[in-house]
Amino acid sequence: MATGSLWEKLPSMASISHEKKSLFLVLAPCLILFIVISSFVKSVSRKRQIRALGGFAPRVHSWAPFELDLLVTATKHLINNTFFEWTHKLLTRPGHTIEFNIFGRRILFTDAAENIKTIMATNFSVWPKGHHMHAIWEVALGDSIFTTDGEEWLASKALLRPYVAKARPNDLEETEIDFQELKKHLMKPEAHDVYDLADRYQLDVVTRIFLGHSAGSLPATKQEFRVAMEKVFDWNTKRILLGPFGTKVPMGIVAAGPLKIVNEYVASFVDRVKAMSPSDIEAIPENEQNLVHGLIRNGKDPKSIRDQLLAVLTAAKDPSAISIGWNLFELARNPEVAAKLQEEILSVVGSYSIPPTAAQLNELTYAKCIMRESLRVYASLGYNIRTCSADTTLPVGGGVNGQEPVGVLANTQCVYSTLGLQRRKDVWGEDAESWRPERWLNYKPATWDYIPFNHGPRVCMGRNFGQQQILYVLVRIYQEFGRIELVSPKEQQIRVELNTKMAHKCMCKFHPRERSEVEKTGI
Ligand code: HEM
């Protein structure tokens, strides 16, 4: 009986699956048609909304679906260290703004001062760093000043300002301790990778001054923390390139080892101070308290302390070290500039054997020209990204002549190139790409044409400290050494990561000033 009924049912089951098949054959094309039509309608309505706000910037030509060819091209340029040249050429057009549409998402790219000013200052509240960048950077820099917006960012700012924004009377004395370690390396006759040494030197200075204890990376043979941090940043650059899918890369797995090293390293600084009782900290005179003391006194939890310390460490060490590296590279290539710097040191400091004071550093007009020119041609944070939180406009880049506004819908990302702006020929003249400190002797750029430290509410908090550090090390090196010899390579490229840094090891020999020269001049 049971078997019979099964056989009886079979034809009807076959007819059901046949019916389902026919239904599927009718519904599938309808569904596809619906998706095509609705995305077409959506795209038309988005275009209309954008046009109502302003217009479009020129779109970069692409032939592949989702503009994947552009993603491949961008990756290739990043690998070959030609990303800056590629984007700079694309942006050299009226309005200095372009757009991509990668993975169906519109991304604006600009090096127009008017647009950058709008993002950083005039319309600051509409252009936060945004949730996506927070999600990308959270694993490395937590909920710190660099990764947050609004109230959270303001709270970090208030917390850090007393320690980061002001100079301490003994900053240079403390710095000199690490300079002596640097000098030990430079005295050796072999060629040195200047960026590697500058980075170690700045790590030691920054940890000594802000965290109360030098990392001692110059005398050390192993560089675990720096290597781990590089790896974490490298993964994050890849995640940014993957656009909306970037946050799907599990940092906890791909960068587990480096993250563990970084966390343990920062914890070691906190533990050192935590061993002190609150009354011990209170007993330290206020102007001698460092950032770790401040964070503990404010009752911050261990994660919060870790996040803020790592952010300050990154903010303070990387851009200064990058800039010191570029300055030394160019000074080695331009001995006539180095000779003028040495003359100035002698006339202002009066001696090659006494370290300069903060007031003397301030008087070094030509040294400042050198520093400013390096920050122009090699801005350490050459690119930055913001995501708008509401429908808005950028003042230029739209229309045929590029002078009309660009409409921007909420959640659109805009990448702005400080490096591009600071190398624009129509702003800086035909020699914009050349490193020429003399240009600063009689020239003051418009506020928004030169922004190595950013402007507006998110201006760099440590800009005075950073500039003092660059000037100090240049003066000390040229007090101790007569000549820097660039061994290799004679030309450099720019590598784009979180920062924009030297792509190749810059190998230099440092020749101590001749003893006879010292005896001759008596200074
Ligand atoms: C040559 C050296 C330096 C350069 C070129 C530089 C550049 C910058 C730039 C461009 C920003 C804006 C980043 C953004 O909006 O995403 C920034 C932010 C910041 N910098 Fe610097 N910086 C330097 C040195 C320092 C130093 C030495 C410190 C600490 C002592 C420091 C602390 C900060 C902090 C805390 C911020 C975050 C400000 C905020 O978001 O409100 N910087 N810096």
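The values are calculated or read from the model by the stated rules, or taken from the named source; none is laboratory data. This is a predicted model, so every value here is computed, not measured. Cβ atoms come from the backbone with ideal geometry, glycine included; neighbour counts cover every protein chain shown. SASA here: full protein model, heavy atoms, side chains in, ligands and nucleic acids out. Shrake-Rupley method; radii C 1.70, N 1.55, O 1.52, S 1.80 Å.
Tabulated data for the structure shown
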quantity: Reduced Cα scattering model of the stretch 449-494, Debye log10 I(q)/I(0), q = 0.14 Å⁻¹; calculated: -0.61
quantity: Rounded, prolate or oblate (a/c below 1.5 giving rounded, otherwise prolate when a/b exceeds b/c) for the stretch 31-109 by Cα gyration tensor; calculated: oblate
quantity: Helix-derived mean residue ellipticity, 222 nm - over the chain, DSSP H n ≥ 4, -39500 (n - 2.57), to 500; calculated: -18000 deg cm²/dmol
quantity: Solvent-accessible ranking of 511, 192, largest area first, probe 1.4 Å; calculated: 511, 192
quantity: Solvent-accessible surface ranking, highest first, for 425, 368 at 1.4 angstrom; calculated: 425, 368
quantity: 10 Å-binned pair-distance histogram of the stretch 101-160 (Cα, whole percent); calculated: 20, 39, 35, 5
quantity: Over 19 Å [Cα-Cα, the stretch 282-371], rounded percent; calculated: 62
quantity: Kirkwood Rh and Cα Rg combined as Rg/Rh, the stretch 59-145; calculated: 1.00
quantity: Candidate lysines - alpha carbon under 20 Å from residue 490, same-chain residues fewer than 8 apart omitted; calculated: 501, 505, 509
quantity: Lys, Arg +1 and Asp, Glu -1 on Cβ, resulting dipole of the chain about Cα centre, debye, nearest 20; calculated: 1460
quantity: Sequence of 110, 237 from largest to smallest accessible area, 1.4 Å probe; calculated: 237, 110
quantity: Accessible area (Å², 1.4 Å probe, nearest 10) - residue 86; calculated: 40
quantity: Expected-Rg normalisation [2.2 N^0.38 Å, Cα atoms] applied to the chain; calculated: 1.18
quantity: P(r) weight above 19 Å for the stretch 197-288, C-alpha pairs, percent; calculated: 55
quantity: Aspartates and glutamates with Cα under 15 Å of residue 300, excluding same-chain neighbours fewer than 8 positions away; calculated: 143, 152, 271
quantity: Portion, in percent, of the accessible area of the chain that falls on carbon or sulfur, probe 1.4 Å; calculated: 60
quantity: Given 129/184; 117/317; 183/303; 42/76, the pairs whose alpha carbons are separated by over 30 Å; calculated: 129/184; 183/303; 42/76
quantity: Overall form of the stretch 129-254 per C-alpha gyration tensor (a/c, 1.5; a/b vs b/c); calculated: oblate
quantity: Relative counts (whole %) of C-alpha pair distances in the stretch 395-456, using bins that are 5 Å wide; calculated: 4, 13, 18, 23, 19, 11, 8, 4, 1
quantity: With eigenvalues of the C-alpha gyration tensor scaled by 5 and rooted, the stretch 224-374, Å; calculated: 37, 27, 12
quantity: Taking the chain and dividing mean pair separation by its residue count, relative contact order in percent (alpha carbons under 8 Å, at least six apart); calculated: 24
quantity: Accessible area (Å², 1.4 Å probe, nearest 10) - residue 436; calculated: 100
quantity: Alpha-carbon centroid distance for the pair the stretch 259-288 / the stretch 467-501, whole angstrom; calculated: 32
quantity: Per principal axis, descending, Cα span of the stretch 353-423 in whole Å; calculated: 59, 27, 17
